[in-house]
Structure formats: C-alpha cells, structure tokens
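For reference, the structure discussed in these notes is given below.
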Amino acid sequence: MENPVLVEVTRGNRVESRHRGMVVAVDGDGKVAFARGDVEAAVFPRSACKAMQALPLVEGGAADAYGFGDKELALACASHSGEPKHVALAAGMLAAAGQEASVLECGAHWSFDQPVLIGQARTLDRPTALHNNCSGKHAGFVCAACHGGVDPKGYVGYDHPVQAEIRAVMQHLTGTPLDRDDCGTDGCSIPTYAVPLKALAHGFARMATGTGLPPARARAARRLVDACMAEPFYVAGTRRACTRLMETAPGRIFAKTGAEGVFCAAVPEKGIAIALKCEDGATRAAEAMVAATLARFFDDDPAVADALMRQADHAMKNWNGLPVGDVRVTEALRG
C-alpha cells in the first residue's frame, strides 16, 4: 500500500517537496476515529513512547518514594533541549536516589536546539550525559532500579530487569508481542521496538482513558499524561513543538515526538489518541501532521482548532526573514 502525500512544501508558486505518511486516531477500545495510509505497518516509536517507558517509575513506587512531582514525571517522559532547568532537574532526580551523572548510560551530546547549543558552547567545555535529551528518561530508569533494589549498571541492556519490565508494559498497552526480532537500538542505547501504528495509538488511548487497564496502572498512566500536560516545558523546551502543542490547549492535549518523523498525541477529554509517522522521517512534516490531526478533534472549539491549524500550515522564511514558501497539509488530512 502506498501511503498518501500528507504534507507539501512550496517555494514560490511550486510544490518543492512532498511528504508521504500514515496517521491513525483511535479510542480506548481501539475503534478507529480517523486514519490515512497503512496504519497496520510496524514503526519504531523511538522517543514518542517515553510515557509508556516511564510507567515502572510510577507503578513501582519510586516516584513517590523520591518525592517526584509533575516536573520530574514530565522530564522522565521528555526529549528535552538540555536547557539549564532540564539539566538541573535530571541531576536532582538522580540525587534523590543517591546517584550521580556518571551512572547514566545514554551518552552525551550538545543540544539539538541551536540557541541552546550556542549558550552551551559559550559556557561548557563539553556536554555531559545530563545534557542528553533523554537524561530525564534515563534518570527515571535509574531511580526505578534503585528503589526496586536492582543494580542500575547496564540498565540499557535488553535483559536488564528495567528493560524487561518496560517491554512487558509496552506489550500490555499495545497488545503486541515484543521480542528480539522486533527490537532495535535507540539513539540513547535502550531497546526500541517496532509496533503497528494502530496498536501504538491504542496504547496511548488506554493510557489517557484507563480503558481495559487495571486500576493501579490506569492511575499511574493518567498521572504521567497529566504531568506532561501540566509541565510541557519539561517535556521538550523553549520553542519546541511538543511544548507549543500542549500550551495551545493547556491540560487538554498530550503530545510527544519521536525521531524519524514519529509523533504520538492524545486528547483525554475526547478519549482519543493519535500515532503517526512521516514516511521519510522528516520532523517538519510530522509536526504539521500531528497539529492538523489534533485540530480535527477540536471542531467544537474553533479557537483551539484554528491555533493548531496555524501550526500545521505555516510560512517558511529565509535568513533575511523573507517569506519563501509554505509548509501545508494536504486535503488528505483536511477532509
């Protein structure tokens, strides 16, 4: 099945680039509310599934034992920009478990956000693992291990108890068996699993609604979703798409990006969750796709719908600030 063109990029009066993709929105029972493209295809969710990966931190009691609030839980679900507040909070999470940055196994990198990177280059000799966009997630893994009496060393490995528990959580939420044949290695060195797009959306719909989940898991899942919506800066950062989307309708939208053009989102009040992938991995297209898809579920709130569509359809400017073209979603996402 050939996926439809969902986003076009223009220059002058011509279409310069086209992005194909697939997107699906489902409710807690798995009923499809909207779909385009091959939504049964398996995709690596990458960082889009971090809220699922954070469930053991809450379910196992570590979050409460270490006094974590919404900010810490949001950071545990984050792909942050490495801004000072992100770095300090990740360090604080580790300190609560009696650990230091040296325990992190995610690697170190400069911020992906250019203004933040410039600030880092002016003040740091080199970045540390705390600056890694996944440091909050990894701090959560370490805290879960320590609270559970498990040696955190090697926590990124497929066979480590932390990753085994995460694998079981994802299997339960998505209804998809996961093993080594479905496994790749993510940029931060943990296992990442290929999951059918529809099943991924269903997993997030269950997290947002609690449908079909045991009471304790439903409470933990909603606690994480609510924390992200309450503290969107700690999920991403200044000027970032996830933060901007959640700030568009505070407390009403959950959104989380993943590498290679993946995005997951939820509108808990509607009982709906979304998963999508831009086929060529383009972030600019995935961000337009998720904004337009979210807008569909705010037809009863034109101000929110319009604000989301302004994020889906937007002008591009060159370094002189001159308009040169547009990013726009196609009729496949509007209809």
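The values are calculated or read from the model by the stated rules, or taken from the named source; none is laboratory data. Source: prediction; values computed, not measured. So basically every Cβ, Gly included, is an ideal-geometry build from the backbone, and we count neighbours across all protein chains shown. Just so you know, the surface numbers come from the protein's heavy atoms only, side chains and all, with ligands and any DNA or RNA stripped out. Shrake-Rupley method; radii C 1.70, N 1.55, O 1.52, S 1.80 Å.
Loop-located GluC sites (Glu not before Pro) across the stretch 32-107 with a Cβ neighbour count of 15 or fewer within 10 Å are GLU40, GLU100, with loop assigned by DSSP.
By the Cβ distance rule (another cysteine Cβ under 4.7 Å), the unpaired cysteines of the chain are CYS49, CYS77, CYS143, CYS146, CYS183, CYS228, CYS242, CYS264, CYS278.
For the stretch 152-220, trypsin sites (Lys or Arg not before Pro) meeting the loop criterion (DSSP other than H, G, I, E, B) and having at most 14 other Cβ atoms within 10 Å: LYS153.
For the chain, modelled as a GNM whose springs connect Cα atoms under 10 angstrom apart, the maximal fluctuation among ALA164, ALA62, ALA220 occurs at ALA164. Name the residue, out of ILE118, ILE274, ILE190, whose mean-square fluctuation peaks in a Gaussian network model built on the chain with Cα pairs under 10 Å. Comparing ILE118, ILE274, ILE190 in the GNM, the peak value goes to ILE118. Springs between Cα atoms under 10 Å define the GNM used for the chain, and in it the highest mean-square fluctuation of GLY67, GLY271, GLY30 occurs at GLY67. In a fully extended conformation the segment linking LYS317 and ASP300 would gain 2.9 nm over its present Cα-Cα distance, using 0.36 nm per residue.
Taking K and R as +1 and D and E as -1, what net charge do the other residues with C-beta under 11 Å from the C-beta of PHE298 add up to? Its environment carries a net charge of -2.
The alpha carbons of the chain occupy a box of 60, 50, 38 Å along the principal axes, longest dimension given first. Amide H contacts for GLU279 (H built 1.01 Å from N in the peptide plane; partners 5 or more residues away or on another chain; cut-off under 5 Å): ARG20, GLY21, MET22. For the stretch 325-335, the Karplus equation 6.51 cos²θ - 1.76 cosθ + 1.60, evaluated at θ = phi - 60°, returns couplings of x, 9, 9, 8, 7, 8, 4, 4, 9, 8, x Hz by residue, with Gly and Pro reported as x.
What the chain shows is 41 Å² of accessible area per residue, with the surface traced by a 1.4 Å probe over protein heavy atoms.
For the stretch 254-270, putting each phi into the Karplus relation 6.51 cos²θ - 1.76 cosθ + 1.60 with θ = phi - 60° gives couplings of 10, 8, 8, 8, x, 5, 6, x, 9, 8, 10, 7, 8, 10, x, 5, 9 Hz, in residue order, rounded to whole numbers and with x for Gly and Pro.
To put it simply, the accessible area of the stretch 60-138 at a 1.4 Å probe is 53 percent carbon and sulfur. Sparsely packed loop sites in the stretch 227-335 (the trypsin sites (Lys or Arg not before Pro) outside DSSP H, G, I, E and B with at most 14 other Cβ atoms within 10 Å) comprise ARG239.
Taking amide H positions as modeled 1.01 Å from N, with prolines and chain starts lacking one, the residues under 5 Å from THR192 and 5 or more places away or on another chain are GLY184, THR185, ASP186. Rounded to the nearest 500, the helix-only mean residue ellipticity at 222 nm of the chain stands at -12000 deg cm²/dmol, with each DSSP H run of n ≥ 4 adding -39,500 (n - 2.57).
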